[in-house]
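Data first, discussion second: the structure below is written as structure tokens.
The values are calculated or read from the model by the stated rules, or taken from the named source; none is laboratory data. Since this is a predicted model, take the numbers as computed values, not measurements. Cβ placement follows ideal geometry from the backbone for every residue including glycine, while neighbour counts extend to all protein chains displayed. Please note that ligands, DNA and RNA were not included when accessible areas were found on the heavy atoms of the full protein model with its side chains. Shrake-Rupley method; radii C 1.70, N 1.55, O 1.52, S 1.80 Å.
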Amino acid sequence: MEIRFFNRELSWIEFNARVLHQALNKNTPLIERLQFLAIVSSNFDEFFQVRVAAIKRMQLTDSQQRDVSGLTPEMQLKQISARAHQVIRRQHECLMNDIMPALAEEGLVYVDSSSYSPRQNEYTQNMFVNEIYPLLTPLRTDTEEFPHIGNMTFQAAFLLKPIEGIKSPSDQLKGSDESVRIALVPIPAGLSRVVWLPSDKTKEKQFALLDDIIEKNGTRLFPGFTVEEKMFFKVARDADFAVDEDSGSNFIHAMEDVLVQRKSSFAVQLSCSREGKIILPFLMEKLGLEEDDVYKTDGILDPCALMELRSTDEAVKMSYPEWQHFYPVDLPETDQYWDTIKQHDILLHVPYESYQPVIKFISDAADDSDVLAIKMTLYRTGRDSPIITALERAARNGKQVTVLVELKARFDEERNIAWANELEKAGAIVIYGLVNLKVHAKILMVIRRECDLIRRYVHIATGNYNPKTAKLYSDLSLFTANQEIANDATSFFNLVTGYSTLQTMKHLSMAPVSMKSRILAMIQREIDRTKAGSRGLVIAKMNSLTHEEVIKALYNASCAGVKILLNIRGICMLVPGVKNMSENIKVVSIVDRYLEHSRIFYFQNGGSPELYLASADWMSRNLDRRIELMFPILDPHVFTEVKSILDTYFEDNTNSHMLESTGVWVPNEPSIDEPLKRAQELLYKKYKRRADKAAKEPKIEFKVRRKN
């Protein structure tokens with residue numbers, strides 16, 4: 001039977017297998033290998049809370065429904081569990097058998113609790129008594145109401161046995177004589193998971209884990225009992241909640257209710273240390289979990305806890321060499337940007353280039369007496385954001401500041417609610433998204449009075465207005481004073497903030513209204529051009545490809561002879577390389593030190609090529625259920641630049657994988673006589689050469705003669 005679509009969730013797991021591949025790669029610096037292991041863990045945490053939870057709910061309501069790959073919910077859960085167990089098992093084998101011994105060779109030594117020296121034993125005991133014990137709250141489980149186990153919180157469980165001849169006061173109060181007693185101890189989130197130990201070895205830094213110290217001293221929590229068994233674990237709960245979109249003025253309260261529900265929703269997955277022959281079945285019964293839902297590990301339960309090692313001096317030599325974030329050579333570092341942007345569009349490519357120009361653009365607008373208004377969307381902006389500070393200052397300076405804050409940005413809801421409240425207090429107009437549509441577009445417009453006319457400046461991007469992730473995510477954005485794009489931006493803001501009916505935009509395409517139809521039309525145009533004798537070409541880079549209509553359109557284009565090159569970081573449901581369906585489609589994926597996040601779409605158009613950037617992937621959620629923007633590259637210089645960036649991603653033979661028709665991702669490896677090409681390194685070197693050249697060029701200073 002011909003497979004036309006890969007399963008979405010299994011494809012996602014394969015993305016994490018590619019992340020794990022970077023951790024397994026001995027050529028990756030050691031601390032970065034550890035970082036990739038931590039990314040796998042955090043990715044799976046979200047996956048179970050959202051995607052697996054959604055399938056489990058579907059299993060209860062519509063167990064026979066099949067997805068486009070032909071799998072029922074039960075079949076999906078079985079295959080997800082089997083593959084996830086393989087990946088997670090390999091992850092922990094890499095951690096304990098490879099990474100930890102390699103770290104020890106470099107002077108960062110993990111000491112298991114059974115190997116503490118007498119001095120370390122004394123140190124950890126004193127630490128437990130003085131700093132840890134007062135924060136711990138043991139909870140008995142034989143009460144009428146089973147203790148609540150919070151979502152993604154680490155817990156210790158102890159199986160207790162009374163010391164003969166000693167009667168527990170709590171048992172006397174309950175009248176209990178049960179022989180099996182299990183206590184749960186939530187691990188306070190505020191405590192550091194890495195504990196540095198005193199050591200007599202000058203060339204080593206030795207450390208323990210908080211879990212080990214609690215485990216070793218656990219008997220102190222239960223006077224009169226011995227500990228027969230112990231286990232550390234965490235539970236992932238359903239976090240795929242939808243807020244009541246008809247909440248009206250109480251929408252924020254409804255959003256806050258969602259955050260509360262997330263903490264106590266049904267359990268989806270349990271991760272645990274391998275101890276616990278009695279504890280584990282007990283917890284599984286209480287949480288309603290099956291064997292497939294349990295992920296057991298030997299050794300360290302959570303690789304994320306070890307990321308504290310990055311702050312050590314030893315970590316520097318085990319990390320990637322430092323890459324600068326170069327200030328764009330086309331923008332002045334001190335003067336305002338208005339005159340420069342009026343002359344031509346400016347492309348910004350983070351993190352190779354600094355994100356500072358975006359912050360400066362907003363900050364200058366906040367302080368410029370000629371600026372009348374600022375309008376922008378905010379999806380994820382991070383903690384302590386200078387962007388929020390600038391917007392608040394702008395509002396206090398009398399500018400009209402309008403901000404569309406998307407409260408439904410999953411796992412950032414609480415932070416976004418706080419930002420919205422701060423902005424409102426400063427006098428900004430805050431719009432809390434749109435009913436039933438998540439606003440994922442990234443756009444900013446500054447309205448400025450210049451010589452008795454109103455000039456609009458637009459910044460539009462593929463990534464969030466988040467200065468922290470801009471140092472880690474690869475994204476593209478555009479500064480422009482193009483008045484036709486400004487007209488479209490004005491129409492966009494009027495639509496999402498007011499009652500404006502949809503007006504035709506000349507350059508911007510907006511989902512869910514026109515973006516999908518525009519993409520499908522451009523794919524069809526490549527088919528028509530090919531049939532007319534000019535072979536079509538589609539090159540696209542995005543995070544994920546799952547939209548059924550778009551995939552079918554790409555299949556049709558392939559059958560018509562259109563060449564299609566796809567660079568997909570994460571999920572790809574399209575099946576490439578199948579005769580009479582997708583033989584002209586090639587799919588590659590790059591996982592490297594920066595998270596690939598930009599969306600770039602190129603259409604050859606019979607020799608009059610068009611190039612677009614977008615906030616949206618070709619996914620159903622992006623094209624059908626979100627407010628997104630796609631924008632063309634009109635400036636010839638910027639066009640050449642973006643096309644060069646796109647082409648570079650298909651040259652990589654070092655950190656890329658090729659998707660086969662079987663669903664297997666095969667690492668691209670250069671032949672013996674082929675030079676190594678690593679896309680991100682090629683891009684970094686390009687920006688470095690550009691910055692070095694600009695630094696060597698003499699600065700021309702024009703002195704103005706003035707009358708005394």
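So the values come out like this:
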| quantity | calculated |
| --- | --- |
| Placed amide H near residue 353: partners under 5 Å, 5+ positions off or other chain | 326 |
| Taking N as its residue count, the alpha carbon Rg of the range 415-514 over 2.2 N^0.38 Å | 1.18 |
| Under 17 Å from residue 471, Cα to Cα: aspartates and glutamates that are on another chain or at least 8 residues apart | 32, 322, 353, 384, 592, 596, 681 |
| For residue 404, distant residues with modelled amide H under 5 Å away | 376, 377, 378, 431 |
| Size descriptor, Kirkwood hydrodynamic radius, that averages inverse alpha-carbon separations across the range 289-409, Å | 18.6 Å |
| ³J(HN,Hα) computed for each position of the range 106-117 - Karplus, 6.51 cos²θ - 1.76 cosθ + 1.60, integer Hz, glycine/proline x | 8, x, 10, 10, 7, 10, 5, 4, 6, 10, 4, 6 |
| Residues with amide H under 5 Å from that of residue 206, placed H, sequence gap 5 or more | 109, 197 |
| Solvent-accessible area of residue 28 with every protein chain in place, 1.4 Å probe, in Å² to the nearest 10 | 10 Å² |
| Tilt relative to the chain, helix 679-696 - C-alpha long axis, 0 to 90 degrees, to 10 | 60 degrees |
| Whole-Hz couplings from phi, Karplus 6.51/-1.76/1.60, listed for the range 130-142; x for Gly and Pro | 8, 10, 9, 3, x, 8, 8, 10, x, 10, 7, 10, 9 |
| Net charge, residue 200 excluded, C-beta distance under 14 Å - Lys, Arg +1, Asp, Glu -1 | +2 |
| Net length gained if the chain between residue 643 and residue 142 were fully extended (0.36 nm per residue, minus Cα distance) | 173.9 nm |
| Accessible surface, per residue, of the chain when the full set of protein chains is kept, probe 1.4 Å, Å² | 45 Å² |
| Convex hull volume of the chain per residue (C-alpha atoms, cubic angstrom) | 222 Å³ |
| Stokes-Einstein D in µm²/s, Kirkwood radius over Cα pairs - the range 336-386 at 20 °C with 1.002 mPa s viscosity | 168 µm²/s |
| Percentage, to the nearest whole number, of Cα pairs in the range 555-708 over 21 Å apart | 60 percent |
| Helix-derived mean residue ellipticity, 222 nm - over the chain, DSSP H n ≥ 4, -39500 (n - 2.57), to 500 | -10500 deg cm²/dmol |
| Neighbourhood net charge (9 Å Cβ-Cβ; Lys/Arg +1, Asp/Glu -1) for residue 448 | 0 |
| Simple Cβ-charge dipole of the range 359-465, Lys/Arg +1 and Asp/Glu -1, about Cα centre, in debye nearest 20 | 260 debye |
| Degrees, to the nearest 10: 548-559 long Cα axis against longest axis of the chain | 60 degrees |
| Over 23 Å (Cα to Cα) - which of 375/516; 438/516; 399/442; 26/643; 56/296; 375/643 fall in this group | 375/516; 26/643; 375/643 |
| Separation of alpha-carbon centers, the range 178-200 and the range 585-620, rounded to whole Å | 47 Å |
| Pairwise FRET efficiency - residue 556 versus residue 662, Cβ, R0 = 25 Å, nearest 0.05 | 0.65 |
| Cross-link pairs beyond the 30 Å C-alpha cut-off, checked among 342/686; 78/277; 342/425 | 342/425 |
| Largest-first ellipsoid semi-axes for the range 595-656, taking √(5λ) over the Cα gyration tensor eigenvalues, angstrom | 21, 18, 10 |
| Spin-label model distance (nm) - residue 497 vs residue 135, 7 Å beyond Cα toward Cβ | 4.4 nm |
| Phi to ³J(HN,Hα) by Karplus 6.51 cos²θ - 1.76 cosθ + 1.60 over the range 29-39, Hz, x for Gly, Pro | x, 4, 5, 5, 4, 4, 4, 5, 4, 5, 4 |
